[in-house]
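To keep things clear, I will list the structure first and then write my remarks on it.
The values are calculated or read from the model by the stated rules, or taken from the named source; none is laboratory data. Since we're looking at a predicted model, the values are computed, not measured. A quick note on method: Cβ atoms are made from the backbone with ideal geometry, for glycine too, and the neighbour counts reach across all protein chains shown. Ligands, DNA and RNA are stripped out before the accessible areas are found, and what is left, the full protein with its side chains, is counted by its heavy atoms. Shrake-Rupley method; radii C 1.70, N 1.55, O 1.52, S 1.80 Å.
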Amino acid sequence: MHPILDALPMLSLMEQTPIHPLPRLSQLLDGPELWIKRDDRSRLALGGNKTRKLQFLLAEAQAQGADTVVTLGAVQSNHCAQTAAACAMLGLDCHLLLRGQPDAPIEGNFLLDHWFGAAMQISADPKAQLPSLLDDLHAAGRRPYVIPYGGSNAVGLRGFLAAGLELQSQFDALDLSLDAVVVASSSGGTQAGLVLAQAAGVPWEVVGISADETAQDLTRIVRGLANAGVDALDLPLGTPPEPVCLDDYVGPGYGHADERTRRAIALLARHEGILLDPVYTGKAFAGLLDLVEQGRWRQGQRVLFWHTGGVAALFAYGSALLLEPA
Ligand SMILES: *Cc1c(COP(=O)(O)O)cnc(C)c1O
């Protein structure tokens, strides 16, 4: 890990993730040179960005002597599935408060939650269930540690400060420069961590593509997290730059994939053999394609798509996502 992070408590739950160019797609689009970072290949479960946050969050849980982890999310939450997997790996009990219909089909991430042995409650309002779950756990003599939606707080985002420095070290090792990173953004911790990496000196632009929030709300969320992240760290960081958040690719709302998203998923699959998800990375990739088409970057520049995972959700949508639905 980078020396500025040596002093921070962190559990090792994954290895460095690969980067590689996307030659067929770069040639097709005839714009900047496109690269990808494969956090969809992080060690646990079917991969994803939440493992990076959990490395710091679960270190704090262990330092506090917690034996039980509680977190919340949508029924198809990638964050919940990765938390359940990490708890399985560490021998911690995991309780998930999921938002959904009581008869939600057991598929995609919700199926994975079952495999990892998590205790689950489904309701319309998971946050409202939290106090009584915590009362029950305390009454049973358990020591719960609560992780917020998406693992996005001042501790979790350290995973993406570290990740940003990891990415820069990979390009340094290749002796190549990088101009921009495009990443899906929702609860904000991923982008806020990358903004802290910018404050620590990485030279590339970060463009966050919203999966649900308005650009204005997401900018406020990311800025708030980045400032909280700086305050919680005793590190020689500069002032975090203003986050760049775009909401042009949200489509009909959280979890709804429009035509542009489905086309983006098909394009990467058919040119590079790589799968995206309909909730986050499909929208972010649609954003990257549109920005390339608009000429935001020149030929000769290098732009990296940060693949944040989520592929399990493809199987919860089934053939409805195909360009010509079966
Ligand atoms: C959670 C998630 C994101 C967004 O990360 P945030 O830190 O919540 O902004 C992006 N992609 C995938 C696949 C995710 O699961």
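Using a Förster distance of 25 angstrom, determine the FRET efficiency expected from the C-beta separation of LEU235 and GLU205, and round it to 0.05. Plugging the Cβ-Cβ distance into 1/(1 + (r/R0)^6) gives 0.70. Given R₀ = 56 Å, what would the calculated FRET efficiency be for GLN301 paired with HIS256, taking r from the Cβ atoms and rounding to 0.05? That gives a FRET efficiency of 0.95. For ARG38 and GLU242, the difference between the fully extended length at 0.36 nm per residue and the C-alpha to C-alpha distance is 70.9 nm. Using C-alpha pairs below 8 Å separated by at least 6 residues, the relative contact order for the range 183-292 is 31 percent. Under the combined filter of DSSP loop state and at most 14 neighbouring Cβ atoms within 10 Å, the range 234-299 retains these trypsin sites (Lys or Arg not before Pro): ARG298.
Figure legend: label point modelled 7 angstrom from the Cα of MET120 along Cα→Cβ; residues of the range 292-326 with amide N under 15 Å from it are 312-317. In terms of its C-alpha gyration tensor, the range 27-123 comes out oblate, because a/c is 1.5 or above while a/b does not outweigh b/c. Legend note: in the chain, cysteines whose Cβ sits 4.7 Å or more from every other cysteine Cβ are CYS80, CYS245. When only the Cβ of Lys, Arg, Asp and Glu is charged (+1, +1, -1, -1), the dipole of the chain relative to its Cα centre reaches about 240 debye. Note on LYS127: lysines with a C-alpha under 30 Å away, same-chain residues under 8 apart excluded, are LYS50, LYS53, LYS283. Counting only DSSP beta bridges whose two residues both lie in the chain, roughly 10 percent are antiparallel. Among rounded, prolate and oblate, which fits the range 171-250 when a ≥ b ≥ c are the square roots of the eigenvalues of its C-alpha gyration tensor, a/c under 1.5 means rounded, and a/b larger than b/c means prolate? Oblate is the answer for the range 171-250, as a/c is 1.5 or above yet b/c matches or exceeds a/b. Shown here is the pair-distance distribution of the range 104-207: with all Cα-Cα distances grouped in 10 Å bins from zero up to the longest one, the shares run 12, 30, 27, 20, 10, 1 percent. Residues whose amide H lies under 5 Å from that of TRP35, counting only those 5 or more places away or on a different chain, are LEU22, VAL303, LEU304, PHE305; hydrogens are built 1.01 Å from N in the peptide plane.
Heavy atoms of the protein chains alone define the surface here; on that basis the chain has 41 Å² accessible area per residue at 1.4 Å probe size. Could you list, bin by bin from short to long, the percent of Cα-Cα pairs of the range 185-326 in 5 Å steps? Pair shares across the bins are 2, 10, 18, 20, 18, 14, 9, 5, 2, 1, 0.
Under the shape rule built on the C-alpha gyration tensor, where the axes satisfy a ≥ b ≥ c, the chain is oblate, since a/c reaches at least 1.5 while a/b does not exceed b/c. Near the amide H of VAL207, within less than 5 Å, lie the amide hydrogens of VAL181, VAL182, VAL183, all on another chain or at least 5 residues away, with H placed in the peptide plane. For the range 126-212, the carbon plus sulfur part of the accessible surface works out to 49%, probe radius 1.4 Å. What percentage of the solvent-accessible surface of the range 1-112, computed with a 1.4 Å probe over protein heavy atoms, is contributed by carbon and sulfur atoms? Carbon and sulfur atoms account for 52 percent of the accessible area of the range 1-112.
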